[in-house]
Amino acid sequence: MGQSASTSRRRSSKSAAGISSAAAGPDSKNLGEVTTDLDDSTTENDYTLNLPDECLACIFQSLSAGDRKRSSLVCRRWLRVEGQSRHRLSLNAQSELANVIPRLLLRFDAVTKLVLKCDRRSVSIGDDALILISLKCKNLTRLKLRACRELTDDGMSVFAENCRNLQKFSCGSCRFGAKGMNALLENCGSLEELSVKRLRGITDGAPAESFGPGKAAGSLRVICLKDLYNGQCFGPMIIGAKNLRSLKLFRCSGDWDTLLEVIADRVDGLVEVHLERLQVSDIGLAAISNCANLEVLHLVKTPECTNMGLKAVAEKCRLLRKLHIDGWKTNRISDDGLIAVATNCPNLQELVLIGVNPTQLSLDKLATNCQNLERLALCGSETVGDAEISCIAAKCTALKKLCIKSCPVSDHGMEALAGGCPNLVKVKVKKCRGVTSEGADWLMASRGSLAVNLDVVEPELPDASIDEQELGGADIPSVGGQSTDVNIASSSNGRSTSFKMKLGSFSGRSLVACTLRRWRSFGSSSRNNLGRS
């Protein structure tokens, strides 16, 4: 890779002299000498020639993507070094890409992470292009496919045979099926992360073929399945992944209770479980509770899960650190389940409650028992008011970040925060009609180091109808009859919201005033035309 400065000078001088001699014709001798002298003077001032290629590559890796592209245009050496030191490449995977793959991968010959994305309205690359990529990128460790609908099982099978060192694979909106996926699991024995979203190939035909486990069973650590009609076909693969630590299931059809029972019985090292819009009940939660090492649990819009299932998890999974619950306003998870969490999970650091209605009773237990609670979010909770915020402010001493959204909280709650939560660094308040900009200003003034992000609820515009007397040029009052100068000393989002409000009210007044002027000018011109006629 590396070359000395003298070698670079000799090469650049010879190439420059050769190019100039070929282009100059009979008088090329003198012109070639001048060009060589200029090239020598240029290279003498190029201090990067004293840097080995490896050092130059390290510099390129610290630059942004745009700066790297611009740097590659400086000279041929920089172009070569930048290409050979680039490990991640993202390409538009339309069918035309197949024509330039050989030249492209000749320059970027050290790529280990490749992203191939195609627009939904375009024709994607096919098997031939993917096979060519697998032959050129033998060291590929990560591959991401998006909307590559022309890929088939045959192409995926050949790719898996050529790229056996693959560690992370992600695909979305592709049409290959069980054969291609099983080839990947069988050949890539080092596969650690697998993410599958909307795999169209498994919805075609009669009974779906099951996946895995293959040689990847011993290495898989993370499995993520999204929007799959036959997601349970991946059951054998999940069950066979003995070292699985993270399981994420999003919007996959079918009843998952039975499969979760088998998974929890065979895979005992699960640390993270995400269940979103899944048909799972307390039976599935009871199965998950057998994972004693569970630290992260997300229950998002699973209406069949109740306090009973949450209690089972809390009683057995005492290492729980992060808990996210979106109750979908079904009120099936309430104080009873949260009190069980507070009683049995003292290591809880992050709690997100959406569409759940905790009262001061459960919040007091959480604040008292979970002394490590650092991040708390309460969204869409009808029972969280000033009293509940005061309880949090008084007892959550470790709290650093607090988010309150669509809750009946007022400025009194903000006053309570000003005197509590000594470690609080950020407060985000959104769609809470009782909290005003004055309350946020006061909170900021009381806690100078606190970042307050307030989403001000914009007042409704007044009735646009006006009387004839108002057409005489009366002053247009501000919108809503109140000052719209919202000045919140907070983070960037708060300032942008304030600016939007001022801009909106200003544009509203300008629009009304402009309309009135047009009506008045139209009336005067009409009278003049009538007088002339």
- Which of the residues belonging to the stretch 287-330 are in contact with a Pro (Cβ under 7 Å, 6 or more places away or on another chain) and polar (S, T, N, Q)? T330
- Task: Find the strands (runs of 3 or more DSSP E) located wholly in the stretch 162-266 whose residues include 1 or more that are without any contact (Cβ under 8 Å) to a residue 12 or more places away in the chain, open to solvent by 10 Å² or more (accessible area, probe 1.4 Å) and of a type in the set (S, T, N, Q), and list them.
- Result: none
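Does any residue of the stretch 329-341 turn out to be hydroxyl-bearing (S, T, Y), within 20 Å of C305 (Cα to Cα) and touching a strand residue (DSSP E or B) at 6+ places or on another chain (Cβ under 7 Å)? If you could, list the steps in order and put the result at the bottom.
In the first step, residues of the stretch 329-341 are kept if they are hydroxyl-bearing (S, T, Y); the result is 330, 334.
Adding the requirement that they be within 20 Å of C305 (Cα to Cα) leaves 330, 334.
Going one step further and asking which of them are touching a strand residue (DSSP E or B) at 6+ places or on another chain (Cβ under 7 Å), we end up with none.
No, every residue in the stretch 329-341 fails to be hydroxyl-bearing (S, T, Y), within 20 Å of C305 (Cα to Cα) and touching a strand residue (DSSP E or B) at 6+ places or on another chain (Cβ under 7 Å).
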- Qualifying residues in the stretch 74-97 (those that are among the charged types (D, E, K, R) and part of a helix (DSSP H, G or I)) - the one modelled with the highest pLDDT: E96
- Message: Cβ contacts < 6 Å: first residue over 18 Å from R251 (Cα atoms), restricted to the stretch 277-289; second residue of a type in the set (K, R), any location; separation 6+ or different chain. Result?
- Response: S289/K316
- Tally time: how many residues in the stretch 268-316 are part of a helix (DSSP H, G or I) and under 17 Å from I223 (Cβ atoms)? 3
- Select, from A98, A110, A129, the only residue that is open to solvent by less than 70 Å² (accessible area, probe 1.4 Å), within 17 Å of N165 (Cβ to Cβ) and in contact with a helix residue (DSSP H, G or I) (Cβ under 6 Å, 6 or more places away or on another chain). A110
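So that you can scan it fast, the table gives a plain yes or no per residue for (1) surrounded by 15 or more Cβ atoms within 10 Å (Cβ to Cβ); (2) at pLDDT 90 or above; (3) not in a helix (DSSP H, G or I):
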| site | (1), (2), (3) |
| --- | --- |
| L402 | yes, yes, yes |
| G413 | yes, yes, no |
| G448 | no, no, yes |
| E460 | no, no, yes |
| A474 | no, no, yes |
| V486 | yes, no, yes |
| N493 | yes, no, no |
| S496 | no, no, no |
- Query: Of the numbered conditions (1) of a type in the set (A, V, I, L, M, F, W, C); (2) open to solvent by 60 Å² or more (accessible area, probe 1.4 Å); (3) in a helix (DSSP H, G or I), L319 satisfies every one except a single condition; which is it?
  - Reply: (3)
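The values are calculated or read from the model by the stated rules, or taken from the named source; none is laboratory data. Source: prediction; values computed, not measured. Using ideal geometry, Cβ is built from the backbone for each residue, glycine included, and neighbour counts are taken over all protein chains shown. Remember, those area values only see protein heavy atoms, side chains included, never the ligands or the DNA or RNA. Shrake-Rupley method; radii C 1.70, N 1.55, O 1.52, S 1.80 Å.
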